[in-house]
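A short write-up of the structure that comes next.
The values are calculated or read from the model by the stated rules, or taken from the named source; none is laboratory data. Predicted, not measured: the structure shown is a model, and the values here were computed from it. Cβ: placed from backbone, ideal geometry, glycine included. Neighbour counts: every protein chain shown.
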Amino acid sequence: MKNISFAVALLTVFSARAEKITVGGAEVLSPALREALAAENPALTLSGAGLPELLAGEVDLLFTARYLNAAELRQARRLGVTAHPFTFAYDGLAVIVSGDSPLTEISRVEVERGADVELARVSLLKDHLQGRRILPVDGLLPTSAAVQGRSYPYIQGVYVYTRGLPEGGVREAIRYLTGPKARKIIMRHGMVPGR
């Protein structure tokens, strides 16, 4: 009897891991990070699907660069869905100026008063800074250490939403996305893993 129970448990674990998981909102991640996650975990299929597809059950998980707003949460409740967030990572929002700007640094007050700058996620900037540069804000650059220590003023979370509490293969995917292997990939791509 014990051998049968063990075999059933083992089969359950392997079938959950073999289950394909469709993840929407992949454009929130850099192309290199998407490729690394997909290569490390072939059960994940990354797509550009959004919240409507998550709510309709067409995708299992959804990456977002913000929390869902009140209207989106109400829409989910009307459909009988509880959208449950997990923190995947944090990214610094770099303050960018053109290469010919006389600015060498800026204060948070100046940024918030509407200085002629652009904010962009650090993990998405690689190879896209031609003719532009990142300014320190109050003397700080958006390094991983500054983002992790919360000393840098502009930080954006990247979240993974599920339809309710995750079960089966979705639970395994969340464990992977918040686990040590994914954390290493996240750090290699300029982000700070979620807590």
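Of the residues making up the range 128-173, just one is buried (at least 16 other Cβ atoms within 10 Å of the Cβ), more than 23 Å from ARG188 (Cβ to Cβ), touching a residue at least 60 places away in the same chain (Cβ under 8 Å) and of a type in the set (A, V, I, L, M, F, W, C), namely VAL170.
With respect to (1) assigned by TED's automatic domain parsing to the domain that holds ILE186; (2) modelled with pLDDT of 95 or more, the lone exception for GLU172 is condition (2). Against the list (1) surrounded by fewer than 18 Cβ atoms within 10 Å (Cβ to Cβ); (2) not assigned by TED's automatic domain parsing to the domain that holds LYS20, the condition LEU125 fails is (1). Restricting the first member to the range 26-41 and to residues that are in the same structural domain as THR178 (by TED's automatic domain parsing), and the second to residues that are in a loop (DSSP other than H, G, I, E, B) and among the basic types (Lys, Arg), the beta-carbon pairs closer than 8 Å and six or more apart or on different chains are SER30/LYS126; ALA32/LYS126. Examine the range 105-117 for a residue that is in contact with a Gly (Cβ under 8 Å, 6 or more places away or on another chain) and either of a type outside the set (Asp, Glu) or outside the structural domain of VAL28 (by TED's automatic domain parsing) (or both), and state whether such a residue exists. Looking through the range 105-117, at least one residue is in contact with a Gly (Cβ under 8 Å, 6 or more places away or on another chain) and either of a type outside the set (Asp, Glu) or outside the structural domain of VAL28 (by TED's automatic domain parsing) (or both).
Annotation for the range 56-64: no member residue is acidic (Asp, Glu) and touching a Gly at 6+ places or on another chain (Cβ under 7 Å). Taken across the range 147-160, residues that are over 13 Å from the mean Cα position of the chain (by Cα), closer than 26 Å to THR22 by Cβ and not basic (Lys, Arg) do not occur at all. On inspection, ALA182 qualifies as buried (at least 19 other Cβ atoms within 10 Å of the Cβ), at pLDDT below 95 and part of a helix (DSSP H, G or I).
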